[in-house]
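Peer 1: One structure, as structure tokens, below. Some questions next.
Nothing in this text is a laboratory measurement; each read-out follows from the coordinates by a stated rule. Here the structure is a predicted model, which means the values were calculated and not measured. Every residue, glycine as well, gets a Cβ built from its backbone with ideal geometry; the counts of neighbours run over all protein chains shown.
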Amino acid sequence: MELASSLGPEPRAFLTRLLAKLSQDSRLVAVLAGGSYLQNQVDEFSDLDLIIVVEPTHYATVMAEREALAASLGTLLAQFTGEHVGEPRLLICLYDAPLLHVDLKFVEPLDLADRVEDPAVLWERDARATAALAQGVAEYPSPDGAWLARRFWTWVHYAATKIGRGELFEALSTLDFLRGRVLGPLGLQRAGARPSGVRRVETTSPELAERLRETVARYDAADCLRALWACVETYRWLAPGTSAVEARVCEYLKELDAQRAR
């Protein structure tokens, strides 16, 4: 398969070298690419998101040797597994010459049916990877509006209590959580884009990006409270409606405003 035209010369050289090496390993079935590669939007800041499809009979062995395999692909500076993102099959690598972040996820052919996007097949030994992709439909999880609605106002109250107590780092962390877990996904879904946190929101939905900009606070209690109100207004814009808990939490925010004004 011809590589994406947006690849720069150094990532292209790395990927060409990787494909040449992995295609010689008889334990491997295919190499696929996802992420920005699929939109031909790989730039100098992009990661390479790769899926390494392994023969089921050799999967345990390859998993045990995957760090050595990754080290053979280039000048490896660091690597670690992806338990922190709920994906232990993932090996996250940082290479040098050039500095390049590469995610290598090791799967068996049948695992490809359950996926969030349709990866590009860069190389395959036979047609099993393509056949496995045909067995399922890519589905990126959408934000559950009802699930979020049951939680949002309690999260707002939590942030407010941290501001009131002066735990501003915790308040700032909660504001970030509200952007990434609630406002960003709902706004990107509304814009018809993949609801992946706040990824590419600046180009996908400038109006949402402008609203989210107001939810960013300084390390200052008054500014944290202002940003929390901005979260409230953005949520109301995205999910209009009223409830008793909303009214009571907003009353609490007003009480905090009044306390700070005294």
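Peer 1: Which one of Trp147, Trp229, Trp237 has the biggest mean-square fluctuation once the chain is modelled by GNM with Cα springs under 10 Å?
Peer 2: Among Trp147, Trp229, Trp237, the largest mean-square fluctuation in the Gaussian network model of the chain belongs to Trp147.
Peer 1: On a straight-distance basis, which lysines could pair with Lys162 in a cross-link, Cα separation under 29 angstrom, same-chain partners fewer than 8 positions away excluded?
Peer 2: Lys254
Peer 1: Mind listing the phi-derived Karplus ³J(HN,Hα) values for the range 41-52, rounded to whole Hz, using 6.51, -1.76 and 1.60 with θ = phi - 60°, and x for any glycine or proline?
Peer 2: Per-residue couplings from phi come out as 10, 6, 10, 5, 9, 7, 8, 9, 9, 10, 10, 9 Hz.
Peer 1: If you find the alpha carbon centre of the range 170-184 and of the range 199-262, how far apart are they in angstrom?
Peer 2: Value for the Cα centre distance between the two parts: 10 Å.
Peer 1: Right, something else. Measure out, as a whole number of angstrom, how far apart the alpha-carbon centroids of the range 1-71 and the range 131-148 sit.
Peer 2: A separation of 24 Å, based on Cα centres.
Peer 1: How far is helix 59-71 tilted, in degrees, relative to the longest principal axis of the Cα atoms in the chain, given as a value from 0 to 90 rounded to the nearest 10?
Peer 2: For helix 59-71, the angle is close to 80 degrees.
Peer 1: Extending each Cα 7 Å along its Cβ direction at Ser6 and Phe80, get the distance between those two points in nm, one decimal.
Peer 2: 2.8
Peer 1: Next question, about the same structure. Helix 145-165 versus the longest principal axis of the chain: what is the Cα-based angle in degrees, 0 to 90, to the nearest 10?
Peer 2: 60
Peer 1: FRET efficiency for Asp126 and Phe45, Cβ-Cβ distance as r, R0 = 35 Å, nearest 0.05?
Peer 2: Numbers: r = 35 Å, r/R0 = 1.00.
After rounding, the FRET efficiency stands at 0.50.
Peer 1: Return one number: the angle in degrees, 0 to 90 and rounded to the nearest 10, between the long axis of the Cα atoms of helix 168-178 and the longest principal axis of the Cα atoms of the chain.
Peer 2: Taking the Cα atoms of the chain, the angle to 168-178 is about 60 degrees.
Peer 1: Between Tyr252 and Arg199, how many nm apart are label points set 7 Å from Cα along the C-beta direction?
Peer 2: About 3.3 nm, to one decimal.
Peer 1: Can you give me the distance in nm between label points at Glu210 and Trp147, each placed 7 Å from the Cα along the Cα-to-Cβ direction?
Peer 2: 3.2
Peer 1: Identify which of the listed values of semi-axes √(5λ) of the Cα gyration tensor in Å was calculated from the structure shown: [x] 44, 19, 17; [y] 27, 24, 17; [z] 26, 21, 17.
Peer 2: Matching the structure shown: [x].
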